[in-house]
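**Student:** Provided herewith is a single structure, encoded as structure tokens, for subsequent inquiry.
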Amino acid sequence: MKNVALSDLPPETVKRLLSEGRLYLHLGPYVTALSTKDAGVREFLTDMYQDCSILVGEEALVDFSLEVRAPNLVRRYIRRQIVADPGFYFPAVPLPVKLGPLCLEMGMNLCVALQSFRQAIFHAGVVSDQKGGIVIAARSGGGKSTLTAALMEEGFRLLSDEFAILCAETSFLLAYPRPVSLKNQSIDVVRVFAGADQVSDRLTGTPKGDIAYRRLRKSDLETANLPAKAKLILFPRFQAEAAPAVEKMDIADAAMQLIASSPNYQVIGEPAFHALMQMLDGVEAYEITYGNTEDSLMLVKDLWEAVDG
């Protein structure tokens, strides 16, 4: 097997490999065998993942297999719907075919969340610099992805927008960079500071409103083999027109909230507990409240300046 960039493969080769279920996408610690015959999904993949590594050659040893397809012939030709099939039963609701990119991203999230048993997974974004990593815990409406995308513009590298992946052996955070998911008002906010060419077309009529994706950066892919030691955990809370505020959290409370967000902590058990405790040693956690992206960046920069490298 050898690694090539997706953009180096001719379009007809990409189409053939996807139709055969042999497009092996190598991101961070995972290899995913992707399969689809949907043109919209293929176009999104070749655009937003153009710099990603593809394993080419004989059959690859894969972590996950994901097919994005119509649920059945009726929904393919008449109702025009699409669904992510991770190879095991999951009660996914079919989506309109125009939402194929969302179906792909949801399916990839599902694979990691429910089939990763070597690392502890927490629902959080992660960015890092030479000091270490910032874990941005997920809260509904908290602005995790917007803050993650904003920190990318401030010189931080992206490890992941969706998952804090904790190595059970080293207690370091592993990179799994994928496009940053943006919802509703955050789409226009990120378009302004990242550039319109860095954000995908808007998907409308999704179960969560409008969705778009901030493009992967080549630099984040080139450093995806570098783990990061956690230095700071943030629990963001966006409230329109709220004054910026910071409240330090007890590290035990932070741990419990992270555990509650994990899809596999209970499955991994004791190794996950020890890895999390080691990761949290010396780490500080804060709840930050803000009313706009500028305030959130100000708060994070102040907290990060106080962190020892």
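**Student:** Which listed residue (ALA196, ALA230, PRO71) has the Cα farthest towards the positive end of the charge dipole for the chain, taking +1 on Lys and Arg C-beta and -1 on Asp and Glu C-beta about the Cα centre?
**Tutor:** Ranked along the dipole, the leading option is PRO71.
**Student:** Something else about it: Within the chain, what percent of beta bridges assigned by DSSP are antiparallel, to the nearest 5?
**Tutor:** Looking only at bridges with both residues in the chain, the antiparallel portion is about 75 percent.
**Student:** With springs only between Cα atoms under 10 Å, which of THR148, THR204, THR289 fluctuates most in a Gaussian network model of the chain?
**Tutor:** Answer for the Gaussian network model of the chain: THR204.
**Student:** Roughly what % of DSSP beta bridges within the range 214-309 run antiparallel, to the nearest 5?
**Tutor:** About 40 percent, rounded to the nearest 5.
**Student:** What residue among PHE117, PHE64, PHE90 has the largest mean-square fluctuation in a Gaussian network model of the chain, using Cα springs under 10 Å?
**Tutor:** With Cα springs under 10 Å in the chain, the top fluctuation among PHE117, PHE64, PHE90 is at PHE90.
**Student:** Size of the range 107-246 along its principal axes in angstrom, Cα-based, largest extent first?
**Tutor:** Projected onto the principal axes, the Cα atoms of the range 107-246 cover 40, 35, 27 Å.
**Student:** Dipole size in debye (nearest 20) for the chain around its Cα centre, Lys and Arg Cβ +1, Asp and Glu Cβ -1?
**Tutor:** That gives the chain a dipole magnitude of about 1180 debye.
**Student:** Additional query: Over all pairs of distinct alpha carbons, what does the Kirkwood formula give as the hydrodynamic radius of the chain, in Å?
**Tutor:** 20.0
**Student:** Using just the alpha carbons, could you tell me how many Å³ per residue the convex hull of the range 178-238 encloses?
**Tutor:** 127
**Student:** Give me LEU27, LEU297 sorted ascending by neighbouring Cβ count inside 10 Å, so fewest comes first.
**Tutor:** Least crowded to most crowded, the residues run LEU297, LEU27.
**Student:** What per residue convex hull volume, in Å³, comes out for the range 219-309 when only alpha-carbon positions are used?
**Tutor:** 143
**Student:** Going 7 Å from the Cα of ALA306 toward and past its Cβ, which residues in the range 243-269 have a backbone nitrogen under 15 Å from where you end up?
**Tutor:** Taking a point 7 Å out along Cα→Cβ of ALA306, the residues of the range 243-269 whose backbone N falls under 15 Å are 245-251.
**Student:** From the helices alone, meaning DSSP H stretches of at least four residues, give me the mean residue ellipticity at 222 nm for the chain, per-run term -39500 (n - 2.57), in deg cm²/dmol to the nearest 500.
**Tutor:** -9500 deg cm²/dmol
**Student:** Give the relative contact order (percent, whole number) for the chain; include only Cα pairs under 8 Å separated by 6+ residues.
**Tutor:** Relative contact order comes out at 16 percent.
**Student:** So between ASP8 and GLU153, what do we pick up on full extension, going 0.36 nm a residue minus the alpha carbon distance?
**Tutor:** Extending this stretch completely gives an extra 49.5 nm.
**Student:** Ignoring GluC sites (Glu not before Pro) that are buried or in helix or strand per DSSP, and keeping those with at most 12 other beta carbon atoms within 10 Å, what is the longest stretch of the chain between them?
**Tutor:** Result, exposed sites excluded: 60-168.
**Student:** Then there's this: In Å, what Kirkwood hydrodynamic radius results for the range 1-54 from the alpha-carbon pair distances?
**Tutor:** Every distinct Cα pair counted, the radius reaches 11.0 Å.
**Student:** Pick out, from PHE44, GLY57, PRO10, the residue whose Cα sits farthest towards the positive end of the charge dipole of the range 1-116, with +1 on the Cβ of Lys and Arg and -1 on the Cβ of Asp and Glu.
**Tutor:** After comparing all options, I get PHE44.
**Student:** Also: Considering all projection directions equally, how large on average is the shadow of the alpha-carbon convex hull of the range 34-74, in square nanometres?
**Tutor:** Taking a quarter of the hull surface, the average projection is 4.0 nm².
**Student:** Of the residues ASP188, ASP85, ASP281, which exhibits the maximal mean-square fluctuation in a Gaussian network model of the chain defined by a 10 Å Cα contact cut-off?
**Tutor:** Its mean-square fluctuation being the largest, the pick is ASP281.
**Student:** Provide the percentage of antiparallel DSSP beta bridges, counting only those with both residues in the range 1-115; round to the nearest 5.
**Tutor:** The answer is about 75 percent antiparallel.
**Student:** Okay, next question. Could you please rank HIS274, HIS26, placing first whichever residue has the fewest other Cβ atoms within 10 Å of its Cβ?
**Tutor:** HIS274, HIS26
**Student:** Can I get the semi-axes of the range 57-166's equivalent ellipsoid? Compute them from the C-alpha gyration tensor as square roots of 5 times the eigenvalues, in angstrom, largest first.
**Tutor:** Those come to 31, 18, 13 Å.
Read-outs throughout are calculated quantities, based only on the coordinates presented, and are distinct from any laboratory measurement. Here the structure is a predicted model, which means the values were calculated and not measured. Methodologically, a virtual Cβ is constructed for each residue, glycine included, from the backbone with ideal geometry; neighbour enumeration extends over all protein chains shown.
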